[in-house]
Number of protein chains: 2
Amino acid sequence: MTIYDIAKKAGVSASTVSRVINNKPGVREETKKRIQQLLIKYNYSPNEAARGLVTQASKIIGILVDDIRTIHHTDGAYIIERELVKLGYCCIIFNTGTDEASKAKYINILKRRRVEGAVLIGSSFQVKAVEQAIKKYLNDTPVVMANGYLDLPNVYGILADEQNGVANCVKLLYDKGHRRPAFVIDLHTPSNLAKKAGYEQAVQSLGLGDILVYETNRTLQGGYNVTKKIMQEHPEVDGIIYAVDLLAAAGTRALLDMGISIPKQVAVIGIDNSIYAEICNPKLTSLDNKLLNLSMTAAHTLISALAGGQPNKKILIFSSIEERETT
Amino acid sequence: MTIYDIAKKAGVSASTVSRVINNKPGVREETKKRIQQLLIKYNYSPNEAARGLVTQASKIIGILVDDIRTIHHTDGAYIIERELVKLGYCCIIFNTGTDEASKAKYINILKRRRVEGAVLIGSSFQVKAVEQAIKKYLNDTPVVMANGYLDLPNVYGILADEQNGVANCVKLLYDKGHRRPAFVIDLHTPSNLAKKAGYEQAVQSLGLGDILVYETNRTLQGGYNVTKKIMQEHPEVDGIIYAVDLLAAAGTRALLDMGISIPKQVAVIGIDNSIYAEICNPKLTSLDNKLLNLSMTAAHTLISALAGGQPNKKILIFSSIEERETT
DNA sequence: TTGTAGGCGTTATCAG
DNA sequence: CTGATAACGCCTACAA
């Protein structure tokens, strides 16, 4: 069912039908009514692709998520979707994985779909390959990075101050008498590296001795095992900060299973302040990097840029520590 | 940059460029090379909307999610996306909320985008308004329902046998000596109502006395409060089944805070076998409704239908109980 | 091997 | 107030 079909049935031209559909003035009330009825009768729905072709506006936003295992990435995508749909946009969402080359590929796909804007969720987009792909394909399209930044004229970054945040976590432990903190990292994303840097910085400035950084993979088993390893190799450790709540949750359980009391003997801090932190027993103290705020800000930054505004190129969102039962 | 621009630079016609882009035969190797270089030099990317107009194929799949708070819905959407992107589709994702009317609206949006297929995630799509909207707008497009079904020729349903599953949970409690089970429900979705029916059926067939169904909202606080209420009003209760893991996790904590031992005094069972169940301490026994399997099956059903196959109209996925520490 | 012409479904710009 | 007509970017016969 096209506007031509409707036009024929109504005995008018396609342009008149188009006017009615788009609520343009200059159509006699009577013909308008007639056409509207036919539109309804035949369940006419405009073809947005054809429409976009002539208006040069796809009304599509591209969202790229680097790691769907990270609950606040997926949640963030939905938050952004919800804001943009209000303005009549539709969102195509891809999960790119952490591989650099494939990210560039997806940016090309966004170009082919002629997206009017893009949001890249996750700090791992902050790499050369993505920068080049944006320059190549999306250089005329506003791109908002949720927890990342690239120095390009059309790129806007919303960043969590994770380095300071983690440094503050170390200080919190210190203030509570925990002087031997360890740090657990999984992926080497810019975000995680910033957290690690915050840990190292605070440990050094407070003179807490050696840096104790342990690596694991982002699974409950990984968090569990690495925690046991830490305590075996360094029984003097009295506080552990984990790069994400998920690992902290597993670590908490490992400590408990080892008969270690929390937070008395060992304090635990997670990062993200996700639902995991609240479900955990004892409830996790967690660095709140303001996911919701960050995603909302990303959405509004994009909306502003889309409207021709001049949003801030770089916005820093301050984190805070949500204290619960593990510190 | 259009094929015309490239054609001009190459000194050929647009059709020749088109042939090269689409790898069609009948282009002299030399001109082909020349054109390919120009394509790369100018970062040409075909406009998929224009392409779709002429090929009558949007290569777009629509995914509708009813409730993004449900972690296995959002995860499911990503699983499905990942499968379809392999075949060159791109997915537009909307979260519709649980409101019936707005769901119909989104189905219309899918039509306007001329999606080639759709996946509806969540049992709450199993309603009249959606059925009518599909008939009206998507009657020629394969629609797969993840955990739902509607009796229309183009609709395929993948369903979890939650009623039996919950009945089996009651039996499990029974076998372990827990004879006064209660059930906690939040949303009145078809899925949750099936779970409730399973509970009631088993309680009756085992002759376990009165039906004890409590309602709450899907928050940790809700799960916590309702659990205390249950134990106050019915201290004889010795087992609680919660409609979702999230509530069970909160309930577990409430029981512990009341000094009730788990599972000795009161056993707990959640539903979804989500990560929440594993993070919880004690780890939750949970009804595994095979989310991953269900989403995968949905994806493959759609792919089969898209390819012109005749997938099963209705597939039942059998659940199982993952026993952990709360039973 | 290559080019021309027509059309996909719309909107926009003119005339009338 | 209404109707031709020409785009938008691409593909595909058909013709050369």
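Bear in mind that the values in this text are calculations on the coordinates, not laboratory data. Quick caveat: nothing in here was measured; it's all calculated off a predicted structure. Positions of Cβ are backbone-derived with ideal geometry, glycine not excepted, and every protein chain shown enters the neighbour counts.
Please compute the contact order of chain A in relative form: average sequence separation of alpha-carbon pairs under 8 Å and at least six residues apart, divided by the residue count, as a percent. Don't skip to the answer; put the middle values down first.
Working: 614 pairs, mean separation 49.0, N = 327.
With pairs under 8 Å counted, the relative contact order is 15 percent.
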Distances in nm, one decimal, shortest first, from B:Gln37 to the same residue in every other copy, taking the label point 7 angstrom along Cα→Cβ. 6.5
Relative frequency of Cα-Cα separations exceeding 16 Å in the stretch A:98-225, percent: 67 percent
A:Asn293 label points, 7 Å along Cα→Cβ, one per copy: pairwise distances from this copy to the rest in nm, shortest first? 4.3
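Using Cα pairs under 8 angstrom and six or more residues apart, how large is the relative contact order of the stretch B:162-288, in percent? Please list the in-between numbers first.
Details: 231 pairs, mean separation 30.9, N = 127.
Relative contact order, the stretch B:162-288: 24 percent.
Starting from the Kirkwood Rh over alpha-carbon pairs, what translational D in µm² s⁻¹ does the stretch B:3-46 have by Stokes-Einstein at 10 °C and 1.306 mPa s? Could the numbers behind the result be given before it?
Values: Rh = 10.0 Å.
Stokes-Einstein gives a translational diffusion coefficient of 159 µm²/s.
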Please order A:Leu256, B:Leu287, B:Leu138 by the number of other Cβ within 10 Å, starting at the fewest. A:Leu256, B:Leu138, B:Leu287
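Hull surface divided by four, with the convex hull built on the Cα atoms of the stretch B:134-193: how many nm²? Display every interim value, and only then the final one.
Working: hull surface 20.9 nm².
Averaged projected area of the stretch B:134-193's Cα convex hull equals 5.2 nm².
Any idea what the relative contact order of the stretch A:72-178 is, in percent, if you count C-alpha pairs under 8 Å spaced at least 6 apart?
On the way: 109 pairs, mean separation 19.8, N = 107.
Relative CO of the stretch A:72-178 lands at 18 percent.
Order by neighbour count: A:Ser319, B:Ser18, B:Ser102, fewest other Cβ atoms within 10 Å first, most last.
Exposure proxy ranking, most exposed first: B:Ser102, B:Ser18, A:Ser319.
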One decimal, nm, shortest first: give the distances between the label point of A:Glu236 and those of the same position in the other copies, each label point 7 Å from Cα along Cα→Cβ. 6.0
Give the Cα extents of the stretch A:262-327 along the principal axes, in whole Å, largest first. 55, 19, 10
Which of B:Gly11, B:Gly198, B:Gly165 moves the most in a Gaussian network model of chain B with Cα springs under 10 Å? B:Gly11
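Would you work out the Kirkwood radius for the stretch B:162-288? I mean one over the mean of 1/r across all pairs of different Cα atoms, in Å. Mind dumping the intermediate values first?
Values: mean 1/r = 0.0723 Å⁻¹.
Roughly 13.8 Å, rounded to one decimal.
What number, rounded to the nearest 500 deg cm²/dmol, is the helix-based mean residue ellipticity at 222 nm of chain A, given -39500 (n - 2.57) per DSSP H run of at least four residues and division by all its residues?
The helix contribution divided over chain A gives -14500 deg cm²/dmol.
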Per 0.36 nm of contour for each residue apart, how much would the distance between A:Lys264 and A:His234 grow if the chain were fully extended, relative to their Cα-Cα spacing? 9.1 nm
Quick check for me: using +1 on Lys/Arg Cβ and -1 on Asp/Glu Cβ, what's the dipole size of the stretch A:193-272 about its Cα centre, in debye to the nearest 20? 180 debye
For A:Met145, list long-range residues whose amide hydrogen, built 1.01 Å from N in the peptide plane, is under 5 Å from its own amide hydrogen. A:Leu120, A:Tyr156, A:Gly157, A:Ile158
Taking the Cα centroid of the stretch A:60-113 and of the stretch A:274-298, what is the distance between the two, rounded to the nearest whole Å? 21 Å
At q = 0.08, 0.09 1/Å the base-10 log of I(q)/I(0) from the Debye formula over the alpha-carbon atoms of the protein assembly as shown is -0.69, -0.85
Which of these, B:Ser286, B:Ser205, B:Ser123, has the largest mean-square fluctuation under a Gaussian network model of chain B (Cα springs below 10 Å)? B:Ser205
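Counting other beta carbons within 10 Å of each Cβ, put B:Tyr42, A:Tyr224, B:Tyr242 in order, fewest first.
On the way: B:Tyr42 12, A:Tyr224 20, B:Tyr242 31.
With the fewest neighbours first, B:Tyr42, A:Tyr224, B:Tyr242 line up as B:Tyr42, A:Tyr224, B:Tyr242.
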Separation in nanometres of the label points that stand 7 Å from Cα toward Cβ, at A:Thr2 and A:Asp257: 6.5 nm
Expressed in angstrom and rounded, the centroid-to-centroid distance over alpha carbons for the stretch A:1-53 and the stretch B:126-188 is 40 Å
Taking only Cα atoms and a 10 Å spring cutoff, compute GNM fluctuations for chain B and point out the largest among B:Leu206, B:Leu246, B:Leu84. B:Leu206
How large is ³J(HN,Hα), in whole Hz, for each residue of the stretch A:287-301 in order, when computed from phi with the Karplus curve 6.51 cos²θ - 1.76 cosθ + 1.60 and θ = phi - 60°, using x for Gly and Pro? 6, 8, 8, 6, 3, 4, 4, 5, 5, 4, 4, 4, 4, 6, 5
Looking at the stretch B:1-89, which trypsin sites (Lys or Arg not before Pro) are in a loop (DSSP not H, G, I, E or B) and have at most 13 other Cβ atoms within 10 Å? B:Arg28, B:Lys86
Inside 10 Å of the C-beta atoms of B:108-117, what's the mean count of C-beta atoms belonging to other chains? 4
Amide H neighbours of B:His234 under 5 Å, counting only residues 5+ apart in sequence or on other chains, H built in-plane at 1.01 Å? none
List the extent of the Cα atoms of chain A along each of their three principal axes, largest first, rounded to whole Å. 87, 37, 29
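Out of all DSSP beta bridges with both ends in chain A, state the antiparallel percent to the nearest 5.
Numbers: 3 of 39 bridges.
Here the share of antiparallel DSSP bridges comes out near 10 percent.
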Starting from the Cα of A:Ala50, move 7 Å in the Cα-to-Cβ direction to define the label point; list residues of the stretch B:99-117 whose amide nitrogen is under 17 Å from there. B:109-116
Could you pull out every residue, at least 5 positions away or on a different chain, whose amide H is within less than 5 Å of the one on B:Gly239? Hs are placed 1.01 Å off N in the peptide plane, and Pro or chain starts have none. B:Arg180, B:Ala182, B:Ala267
Could you pull out which residues in the stretch B:165-179 have an amide N less than 20 Å from a spot 7 Å beyond the Cα of B:Gln204, following the Cα-Cβ vector? B:165-174, B:179
